[in-house]
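Taken together, the values in this text are just the output of simple stated rules run on the coordinates, not laboratory data. Only a predicted model underlies this, so the values are computations on that prediction, with no experimental measurement involved. Cβ placement follows ideal geometry from the backbone for every residue including glycine, while neighbour counts extend to all protein chains displayed.
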């Protein structure tokens, strides 16, 4: 009789252990399915670099950045070098192509927003979802 | 007449009050001692053991512990969860008391740890609705799993030694 009771007790423990293990698996599965997934960034923008031979290179970027400089920071294959000025970064070179400034003529990197000449530097240009930004090598 | 046997209005003797004080102190000290490890706690095991040995008197200790916790850490939303979560563990232990073994209580402790987040979700259900409560529960599942494993291991390792110690203390000082 005691042996029988012991066996029944062991059986209950085994069932309890199995239920606990199954619950852990279920909880883990629920977490994997419903847990918030990290997003690359809420805003999707396109940045196009137009070099001296009018060749275009485009970058699709997902970002949460408020301003363009932060959005472009760390983008693979895009290297922007400049000097810090009163209005933010003055772009000197993009992907190794250096702007040649002179007193009467020269070249510079212009910023376009949705095809229109930009009014702000990279630091002050707000980033809006769906916008197209261009960095264009231009002469003056 | 032995002063220790004087029964107070609430049906408690002076010995009972001293016991409740010791139980509360060890619950609080146990919580504090392991507070540097997230979701590893000995409070569940102590409540299980105290319920086995001291039955209904543990309820006083649990509520003293909850009030003390509120005084130390602040009476936040988590505090409301404590009001029903710890007494529930004691209630479940009472239910298993006759057929319990170290493994039974380890499974109970593990399940309690695993469901702790789900239990604690009730206040969020009333404040923010089902979506808020569900999101809150989901976010805490990894910690609940750690809580479950931690509770199970602590209980399976420490139950028998502590059971022996408490049995001896009860025989010598509280019978």
What 222 nm value per residue comes from the helices of chain B, counting each DSSP H run with n ≥ 4 as -39,500 (n - 2.57) and dividing by all residues, nearest 500 deg cm²/dmol?
-28000 deg cm²/dmol
Can you give me the angle between helix B:122-173 and the longest principal axis of chain B, using Cα atoms only, in degrees from 0 to 90, rounded to the nearest 10?
30
Helix axis angle, A:2-34 relative to chain A longest principal axis, alpha carbon, degrees
10
Would region B:64-132 count as rounded, prolate or oblate if I go by the C-alpha gyration tensor, calling it rounded below 1.5 in a/c and otherwise prolate when a/b exceeds b/c, oblate otherwise?
oblate
With angles folded into 0 to 90 degrees, how steeply does helix B:57-73 sit against the dominant principal axis of chain B? Use alpha carbons for both and round to 10.
50
Report the full-extension gain for the segment residue A:95 to residue A:32: residue separation times 0.36 nm, less the Cα-Cα distance, to one decimal in nm.
18.6 nm
Taking the Cβ of each residue in B:97, A:69 as the centre, tally the other Cβ atoms inside 10 Å and list the residues starting with the fewest.
B:97, A:69
Test of understanding: extend the Cα→C-beta vector of residue B:99 to 7 Å, then name every residue of region B:24-56 with backbone N under 20 Å from that spot.
B:48-49, B:51-53
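Need one number: the % of Cα-Cα pairs in chain A sitting beyond the 18 Å mark. Spell out each step's value before the answer.
Numbers: 6430 of 9730 pairs.
Here the long-distance tail beyond 18 Å is 66 percent of all Cα pairs in chain A.
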Write down, largest first, the equivalent ellipsoid semi-axes of the protein assembly as shown in whole Å, where each equals the square root of 5 times an eigenvalue of the alpha-carbon gyration tensor.
67, 23, 16
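With 10 angstrom as the radius, rank A:121, B:101, B:35, B:106 by how many other C-beta atoms surround their C-beta, starting from the fewest. Before the final figure, lay out each step's value.
Numbers: A:121 19, B:101 14, B:35 11, B:106 25.
By the 10 Å Cβ count, ascending: B:35, B:101, A:121, B:106.
Just tell me how shielded B:130-140 is by partners: mean number of partner chain Cβ atoms within 10 Å of each residue's Cβ, no decimals.
Details: counts 0, 0, 0, 0, 2, 3, 0, 4, 7, 4, 1.
Shielding by partners across B:130-140 averages 2.
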Please state the equivalent ellipsoid semi-axes for chain B: what are the square roots of 5 times the Cα gyration tensor eigenvalues, largest first, in whole Å?
30, 20, 14
